[in-house]
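Novice: Quick one: this structure, given as structure tokens, is what I'll be asking you about.
The values are calculated or read from the model by the stated rules, or taken from the named source; none is laboratory data. No experiment lies behind these values; they were computed from the predicted model shown. Positions of Cβ are backbone-derived with ideal geometry, glycine not excepted, and every protein chain shown enters the neighbour counts.
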Amino acid sequence: MSAHPADAAIPHTVEPHPVTGLPNGKFGIWLFLASEVMLFGALFSSYVLIRTQAPHWPPEGGLSSEILNVPLATLNTAVLITSSITMVLAWASCKLGRIDRFRLWMGSTIALSFVFLIIKYFEYTDKFHHEHFPKTNNFYAIYFTLTGLHGLHVIGGIVVNTFLLTIGTRLWKIDRDHFTNRVENAGLYWHFVDLVWIFLFPSLYLL
Amino acid sequence: MSASTTHGHATHGGHDAAHGHHELPFWRKYIFSVDHKVIGVQYGVTALVFLFFGFTLMMLLRWQLAYPGQPLPVVGKLLGENAMPGGVMAPEFYNQLGAMHGTIMVFMGIVPLAVGAFGNYVVPLQIGAPDMAFPRLNMVSYWAFLPGGLLMLAGFFAPGGAANSGWTSYPPLSDIATTGQTIWLLAMVLLITSSLLGSINFIVTIVQLRAKGLTFWRLPFFVHAQFVTSFLLLLAFPPLEAAAVMQLMDRLAATSFFLPSGLVISGEPLRVAGGGSPLLWQHLFWFLAHPEVYVLILPAMGIIAEVIANNTRKPLWGYRLLVYSAIFLGFMSFVVWAHHMFMTGMGTTMSTFFQTTTMIISIPSVVILTCFIMSLYGGAIRYTVPMLFATAFLPMFAIGGLTGLPLGLTASDIYLHDTFYVIGHFHYVVAPGTIFALFAGIYYWYPKVTGKQMNQTLGKIHFWLSFICINGVFMPMFWQGMAGLSRRLYDPTIYAHGRAVQSLNVLISWSVWGLAIAQLPFIWNFFASLRHPKAVENPWQATTLEWAAPSPPPHGNFVTPPVVYRDPYEYSEPGRSSDFHPQFAREA
């Protein structure tokens, strides 16, 4: 997005504040992630509470690892971690002034995000085919709510990253540092989404 | 909502003087504006309209409490057969009015006015910034707030009417309530999103955009209060968002997050999986809603600090103590939430813990109040309209705070829980407390926003009538509560102990309607003052940075970037010819 006349005068949009060492955007994204921690923290706490109250978990008997598809989820974990690496490479390419490399790595990040969602889609439809819905019991309620909300965060990441890869790149020609900062902020968010999954995977599928 | 047309007047003039900016089209300048001042006014006007609407709901509800089962003349007919069959209020409609009153006043009235309006308008000016750190994000917060608020009101048109499970939306009732509850949840998600984006913006702005020389210990107390408030909004709201998502799942996908096993409704077993916990909702809700209480009161204290320092013409007593107390209050507000839940059977260990933390949190509140009272001592007080509201705030907040102590102690709470005593207690904090502070703020900063001074005589009439009526509303509630009268009763006269205090209900209701009339001078004054001649710059002879900018400030705020030379409240310095020494004045 081209620089807006209104932000022209805002200090520390690009250059870091001398005391905090951060530009505004990076500070803002860290605060946003703090609120996200509280959001997922509340959901994880609810999971703990409902699970410890239940006489059996999962309520239908058996083990979580037998009900949910561990191999597919393991693959998805690998996909997300890889996408975090490509995200870092995209940012590093900006730092090195290589916008062509940035396009390659950012494109890979977005592609891997889609791979994650497609695998998730197969997991979900498999559950639906076996008549397992959120209403079946609280195990599925938590599974679908937590992974669903995480999936929405993945979609949010795809939107932001696609913006940066397409029309967002125009900023590169005007202000390289500003654009690089934006990629870094998107990356921080993306690593957080990755991190949430790294908590979700063992606590839903394995424990 | 006619916010866009109304505030057009408020910011008129001054814009043309904006230095060098090319003219923006009307919709960019006044509707989808990124200027913190326009957004502040948008928030302010919208919140005042919502506040008045929420008050109107209570004016209606008070008819049923004063004259149970009697038809309401004229208005009763207009509201239709569903809400008021034959002019008599239906119990379902009564519940909607109660639930929506609380929701509207807290989430769509006071928070947007205290944080969205005053925070947005005043904070960047008081720290000498050209705008908020993220102007477009600021615009998005407003445009998440307005649809959220309108969606909330649209609930009244849903089948079965608006949400009717109380403003706390406790399950299982809320899980099985009519469609209005789903709309309530969706609207809350929008309102929460708006608050989150706003709070990020405030924190970054206050940390990163302070003018040269403006250290943290030179910030006006109002900015400190907004800073702590923003952290509360940032960290306390997401758990309610999580809870709202789970309740939405319960309602739309038939999950059982908040539904226990074996629930029977009207003699029929509820066909759900069960295994959930209604208490879980209460924990998540109050984890937000208790910090929310401090979101309501801290900005109000900030306004009071500004007005008191300015009108006593001396520095605030215990400025650092005030700041430390506000920060401590912020921390403690996260660990007191379950004092709302002593009656849920969560166990004595939990109750003891939360009783203790509740007693601890009352200490910084009293410290803050004491600092304000000490600030009055020895001052040559100017009883301007803002100062009248600020002085009234002190005893009103004190009554509200002190009556909270018996509710924080488990033994006395068992008796008082869910009675009118509770209603009296928290309304003293937020109505003659916070809302009076907000009025003080409106009268105090009106010359900044419009360049015009409000009529002081009308202001005094507004103050005295409001002050008398509002005490007529809330003071009798303590008696009713101590007589054991439960809140949320559709007809209190079905009980003998309710009939004993029914005459007080008549007094309260007439005070409510009197309070509405007392707002007429304010509403007239608010609009008529726009036609006043231009007031002098800095009409209150204040020291803080917002008065370094022209009134109303142009886009970009300051003609030259301000530099700060001293503490915020340098009034009546010995040996100076004038009794105020602005932060931005260069000479020694």
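Novice: Filter region B:431-489 down to residues that are of a type in the set (D, E, K, R) and over 29 Å from residue B:38 (Cβ atoms) and give me whichever is surrounded by the fewest Cβ atoms within 10 Å (Cβ to Cβ). Explain how you work it out, then say what you get.
Specialist: Here is the first cut: in region B:431-489, the residues of a type in the set (D, E, K, R) are B:448, B:452, B:460, B:487-488.
Now drop any that are not over 29 Å from residue B:38 (Cβ atoms), which leaves B:460, B:487-488.
Details: B:460: 15, B:487: 18, B:488: 12.
Of everything passing the filter in region B:431-489, B:488 is surrounded by the fewest Cβ atoms within 10 Å (Cβ to Cβ).
Novice: Specify which of the listed residues (A:183, A:154, A:196) is outside any loop (DSSP other than H, G, I, E, B), in contact with a His (Cβ under 6 Å, 6 or more places away or on another chain) and in contact (Cβ under 8 Å) with a residue 40 or more places away in the chain.
Specialist: Working: A:183 fails: in contact with a His (Cβ under 6 Å, 6 or more places away or on another chain); A:154 fails: in contact with a His (Cβ under 6 Å, 6 or more places away or on another chain).
Unique residue meeting the criteria: A:196.
Novice: Additional query: Inspect region A:43-65 for any residue being surrounded by 14 or more Cβ atoms within 10 Å (Cβ to Cβ), at negative phi, more than 14 Å from chain B (Cβ to nearest Cβ) and part of a loop (DSSP other than H, G, I, E, B) and give the result as yes or no.
Specialist: Checked against the condition, which is being surrounded by 14 or more Cβ atoms within 10 Å (Cβ to Cβ), at negative phi, more than 14 Å from chain B (Cβ to nearest Cβ) and part of a loop (DSSP other than H, G, I, E, B), region A:43-65 yields no hits at all.
Novice: Another question, then. Taking into account only those residues within region A:22-41 that are of a type outside the set (A, V, I, L, M), within 7 Å of another protein chain (Cβ to nearest Cβ) and more than 19 Å from residue A:200 (Cβ to Cβ), which is surrounded by the fewest Cβ atoms within 10 Å (Cβ to Cβ)?
Specialist: A:32
Novice: Being touching a Phe, Trp or Tyr at 6+ places or on another chain (Cβ under 8 Å) and at pLDDT below 90 is the filter here, so list the residues in region A:2-56 that pass it.
Specialist: Answer for region A:2-56, where residues must be touching a Phe, Trp or Tyr at 6+ places or on another chain (Cβ under 8 Å) and at pLDDT below 90: there is none.
Novice: Which numbered condition in (1) within 14 Å of chain B (Cβ to nearest Cβ); (2) in contact (Cβ under 8 Å) with a residue 60 or more places away in the chain; (3) surrounded by 21 or more Cβ atoms within 10 Å (Cβ to Cβ) is the only one that residue A:109 fails?
Specialist: Tallying (1) within 14 Å of chain B (Cβ to nearest Cβ); (2) in contact (Cβ under 8 Å) with a residue 60 or more places away in the chain; (3) surrounded by 21 or more Cβ atoms within 10 Å (Cβ to Cβ), residue A:109 fails exactly one: (1).
Novice: Can I ask one more? When you go through (1) of a type in the set (A, V, I, L, M, F, W, C); (2) in contact with a Leu (Cβ under 7 Å, 6 or more places away or on another chain); (3) more than 21 Å from residue B:199 (Cβ to Cβ) one by one for residue A:29, which number turns out not to apply?
Specialist: Exception for residue A:29: condition (3).
Novice: So, one more: Take the residues in region A:158-182 that are touching a Ser or Thr at 6+ places or on another chain (Cβ under 9 Å) and buried (at least 21 other Cβ atoms within 10 Å of the Cβ), then tell me which one is nearest to residue A:147 (Cα to Cα).
Specialist: A:161
Novice: Another question, then. Considering only residues that are surrounded by fewer than 20 Cβ atoms within 10 Å (Cβ to Cβ) and in contact with a Ser or Thr (Cβ under 9 Å, 6 or more places away or on another chain), look in region B:387-406 and name the one that is nearest to residue B:460 (Cα to Cα).
Specialist: So, considering only residues that are surrounded by fewer than 20 Cβ atoms within 10 Å (Cβ to Cβ) and in contact with a Ser or Thr (Cβ under 9 Å, 6 or more places away or on another chain), the one nearest to residue B:460 (Cα to Cα) is B:401.
Novice: Return the residues of region A:196-207 that are surrounded by fewer than 17 Cβ atoms within 10 Å (Cβ to Cβ) and within 20 Å of residue A:156 (Cα to Cα); say none if nothing qualifies.
Specialist: A:198, A:199
Novice: What are the residues in region A:112-147 that are more than 23 Å from the chain's Cα centre (by Cα), assigned to a helix (DSSP H, G or I) and more than 14 Å from chain B (Cβ to nearest Cβ), if any?
Specialist: If the condition is that a residue be more than 23 Å from the chain's Cα centre (by Cα), assigned to a helix (DSSP H, G or I) and more than 14 Å from chain B (Cβ to nearest Cβ), then A:126, A:129 are the ones that fit.
Novice: Moving on to the next point. Does region A:128-143 include one or more residues that are under 30 Å from residue A:162 (Cα atoms), at pLDDT 95 or above and either in contact with a Gly (Cβ under 7 Å, 6 or more places away or on another chain) or surrounded by fewer than 16 Cβ atoms within 10 Å (Cβ to Cβ) (or both)?
Specialist: no
Novice: Right, next: Which of the residues spanning region B:57-115 are aliphatic (A, V, I, L, M), in contact (Cβ under 8 Å) with a residue 60 or more places away in the chain and within 30 Å of residue B:231 (Cβ to Cβ)?
Specialist: Across region B:57-115, the qualifying residues are B:99, B:100, B:105, B:106, B:108, B:110, B:111, B:113, B:114, B:115.
Novice: Those residues that are more than 30 Å from residue B:490 (Cβ to Cβ) and either modelled with pLDDT under 95 or not in a helix (DSSP H, G or I) (or both), I need them from region B:25-81; list them, please.
Specialist: B:25, B:26, B:27, B:28, B:29, B:30, B:31, B:32, B:33, B:34, B:35
Novice: Something else about it: How about region B:273-323: which of its residues are of a type in the set (A, V, I, L, M, F, W, C), over 19 Å from residue B:364 (Cβ atoms) and more than 14 Å from every other protein chain (Cβ to nearest Cβ)?
Specialist: B:307, B:309 - these are the residues of region B:273-323 that are of a type in the set (A, V, I, L, M, F, W, C), over 19 Å from residue B:364 (Cβ atoms) and more than 14 Å from every other protein chain (Cβ to nearest Cβ).
Novice: May I pose another question? Which condition from (1) touching a residue at least 40 places away in the same chain (Cβ under 8 Å); (2) assigned to a helix (DSSP H, G or I); (3) farther than 23 Å from residue B:545 by Cβ is the one that residue B:346 breaks?
Specialist: Here residue B:346 clears every test but (2).
Novice: Can I ask one more? For residue B:246, work out the one condition from (1) within 11 Å of another protein chain (Cβ to nearest Cβ); (2) touching a Gly at 6+ places or on another chain (Cβ under 8 Å); (3) modelled with pLDDT of 95 or more it doesn't fulfil.
Specialist: (2)
Novice: Follow-up. So which residues in region B:372-386 are surrounded by 22 or more Cβ atoms within 10 Å (Cβ to Cβ) and out of contact with any Lys or Arg (no Cβ under 9 Å at 6 or more places or on another chain)?
Specialist: Answer for region B:372-386, where residues must be surrounded by 22 or more Cβ atoms within 10 Å (Cβ to Cβ) and out of contact with any Lys or Arg (no Cβ under 9 Å at 6 or more places or on another chain): B:372, B:386.
Novice: Sticking with this one: Where in region B:374-492 are the helices (runs of 4 or more DSSP H), entirely inside, with at least 1 residues that are of a type in the set (A, V, I, L, M) and more than 24 Å from the chain's Cα centre (by Cα)?
Specialist: Those helices (runs of 4 or more DSSP H) span B:410-416, B:456-482.
Novice: OK, next. Counting only residues that are surrounded by 21 or more Cβ atoms within 10 Å (Cβ to Cβ) and touching a His at 6+ places or on another chain (Cβ under 7 Å), how many does region B:526-573 have?
Specialist: 2
Novice: Quick check on region B:175-197. Is at least one of its residues outside any helix (DSSP H, G or I), touching a residue at least 24 places away in the same chain (Cβ under 8 Å), crowded, with 20+ Cβ neighbours inside 10 Å and more than 9 Å from chain A (Cβ to nearest Cβ)?
Specialist: Checked against the condition, which is being outside any helix (DSSP H, G or I), touching a residue at least 24 places away in the same chain (Cβ under 8 Å), crowded, with 20+ Cβ neighbours inside 10 Å and more than 9 Å from chain A (Cβ to nearest Cβ), region B:175-197 yields no hits at all.
Novice: Need the failing condition index for residue A:9 against (1) surrounded by fewer than 19 Cβ atoms within 10 Å (Cβ to Cβ); (2) of a type in the set (Gly, Ala, Ser); (3) more than 14 Å from chain B (Cβ to nearest Cβ), just the number.
Specialist: Tallying (1) surrounded by fewer than 19 Cβ atoms within 10 Å (Cβ to Cβ); (2) of a type in the set (Gly, Ala, Ser); (3) more than 14 Å from chain B (Cβ to nearest Cβ), residue A:9 fails exactly one: (3).
Novice: Kindly provide the set of residues from region B:245-282 that are in contact with a Phe, Trp or Tyr (Cβ under 7 Å, 6 or more places away or on another chain), part of a helix (DSSP H, G or I) and free of Cβ contacts under 8 Å to residues at least 60 places away in the same chain, ordered by number.
Specialist: B:246, B:249, B:280
Novice: Hey, among the residues in region B:148-171 that are under 9 Å from residue B:96 (Cβ atoms) and of a type in the set (A, V, I, L, M), which one's surrounded by the fewest Cβ atoms within 10 Å (Cβ to Cβ)?
Specialist: Per the stated criteria, the residue is B:162.
Novice: Would you mind finding the one in A:71, A:59, A:11, A:55 that is closer than 19 Å to residue A:178 by Cα and either over 20 Å from the mean Cα position of the chain (by Cα) or polar (S, T, N, Q) (or both)?
Specialist: Values: A:71 fails: closer than 19 Å to residue A:178 by Cα; A:59 fails: closer than 19 Å to residue A:178 by Cα; A:55 fails: closer than 19 Å to residue A:178 by Cα.
Within the list A:71, A:59, A:11, A:55, the selection yields A:11.
Novice: Ok, one more. Which residue, of B:237, B:221, is more than 10 Å from chain A (Cβ to nearest Cβ) and out of contact with any Cys (no Cβ under 6 Å at 6 or more places or on another chain)?
Specialist: Exactly one residue qualifies, and that residue is B:221.
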